[in-house]
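The values are calculated or read from the model by the stated rules, or taken from the named source; none is laboratory data. It should be emphasised that the depicted structure is a prediction, and the values quoted were computed from it without experimental measurement. Reconstructed Cβ throughout: ideal geometry from the backbone, glycine too, with neighbour counts over all protein chains shown.
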Amino acid sequence: MNPFDELTQEFVSDHRKMTRGYRDVKAAVEAGDFLLAKRLVEELDHHCGPHIEFEERFFYPVVRQRQGSDYAEKLTLEHDAVLAAIREILAAENMSGSQRADWISKMDEGLSHAATCGTLLSHLTTLSDSDQRSLLKKLKELRDNGHRWTELK
């Protein structure tokens with residue numbers, strides 16, 4: 001498989017898991033099942049960490065070159081909003097009505113972000129095979145390190 005196809009496959013696979021995670025957390029919060037939401041957020045925190053680190057350290061600089069700093073910063077701020085909800089849910093003992101509405105909104109933001117960010121893969125087509133291979137290697141190395149999202153910032 002060529003490096004672009006493999007990088008795309010890995011990137012899309014991560015986004016699929018993240019999107020499903022946001023969806024499932026949102027559903028648990030909407031249903032008022034705080035314990036399930038907390039368990040799902042713990043899984044999301046662990047799974048998303050390497051991908052978020054990859055995006056912010058290696059992918060968003062490419063996006064910044066193609067779409068500008070304001071757009072890349074917007075993407076990072078969207079990450080920060082979802083991360084805030086993850087931290088809040090992990091720290092909470094229960095869920096109030098106002099928290100519920102806020103967490104649902106932030107999971108919606110995560111869903112929207114994941115869909116938008118996935119379309120940015122076209123920016124990688126302009127990179128050389130060597131650069132694509134390097135990015136793929138970095139993504140895999142970050143996965144091996146296994147940092148949680150909450151450990152990154």
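Determine whether region 5-18 contains at least one residue that is at pLDDT 95 or above, among the hydroxyl-bearing types (Ser, Thr, Tyr) and touching a helix residue (DSSP H, G or I) at 6+ places or on another chain (Cβ under 7 Å). No, region 5-18 contains no residue that is at pLDDT 95 or above, among the hydroxyl-bearing types (Ser, Thr, Tyr) and touching a helix residue (DSSP H, G or I) at 6+ places or on another chain (Cβ under 7 Å).
Determine whether region 74-84 contains at least one residue that is in contact with a Leu (Cβ under 6 Å, 6 or more places away or on another chain), assigned to a helix (DSSP H, G or I) and either surrounded by 15 or more Cβ atoms within 10 Å (Cβ to Cβ) or among the charged types (D, E, K, R) (or both). No, region 74-84 contains no residue that is in contact with a Leu (Cβ under 6 Å, 6 or more places away or on another chain), assigned to a helix (DSSP H, G or I) and either surrounded by 15 or more Cβ atoms within 10 Å (Cβ to Cβ) or among the charged types (D, E, K, R) (or both). Trp103 meets each of the listed conditions (1) touching an Asp or Glu at 6+ places or on another chain (Cβ under 8 Å); (2) under 28 Å from Asn2 (Cα atoms); (3) among the aromatic types (Phe, Trp, Tyr) apart from (2). Tell me whether region 130-150 contains one or more residues that are more than 25 Å from Ala85 (Cα to Cα) and either aromatic (Phe, Trp, Tyr) or at pLDDT below 90 (or both). No, region 130-150 contains no residue that is more than 25 Å from Ala85 (Cα to Cα) and either aromatic (Phe, Trp, Tyr) or at pLDDT below 90 (or both). Across region 11-23, a minimum of one residue is classified as among the polar types (S, T, N, Q) and within 10 Å of the chain's Cα centre (by Cα). Filtering region 112-143 to residues that are among the acidic types (Asp, Glu) and touching a residue at least 40 places away in the same chain (Cβ under 8 Å) leaves only Asp129. Put simply, of Lys106, Lys26, Lys17 the only residue that is assigned to a helix (DSSP H, G or I), basic (Lys, Arg), in contact (Cβ under 8 Å) with a residue 12 or more places away in the chain and within 30 Å of Gln132 (Cβ to Cβ) is Lys17.
The rows are residues; the columns are (1) at negative phi; (2) surrounded by 15 or more Cβ atoms within 10 Å (Cβ to Cβ); (3) more than 16 Å from the chain's Cα centre (by Cα); (4) not in a helix (DSSP H, G or I).
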| site | (1), (2), (3), (4) |
| --- | --- |
| Glu56 | yes, yes, no, no |
| Met95 | yes, yes, yes, yes |
| Thr119 | yes, no, no, no |
| Leu135 | yes, yes, yes, no |
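No other residue among Asn94, Asn2 is modelled with pLDDT under 95 and more than 30 Å from Ser130 (Cβ to Cβ) apart from Asn94. When the test is whether a residue is surrounded by fewer than 16 Cβ atoms within 10 Å (Cβ to Cβ) and in contact (Cβ under 8 Å) with a residue 12 or more places away in the chain, Asp70 does not pass it.
I'd like the residue in region 1-14 that is not charged (D, E, K, R) and not in a loop (DSSP other than H, G, I, E, B) and, out of all such residues, is farthest from Leu127 (Cα to Cα). Break it down stepwise before answering.
Applying the first criterion (not charged (D, E, K, R)) to region 1-14 yields 1-4, 7-9, 11-13.
From the residues that got through so far, the ones that are not in a loop (DSSP other than H, G, I, E, B) too are 3-4, 7-9, 11-13.
On the way: Pro3: 10, Phe4: 9, Leu7: 12, Thr8: 13, Gln9: 16, Phe11: 16, Val12: 18, Ser13: 21 Å.
That would be Ser13.
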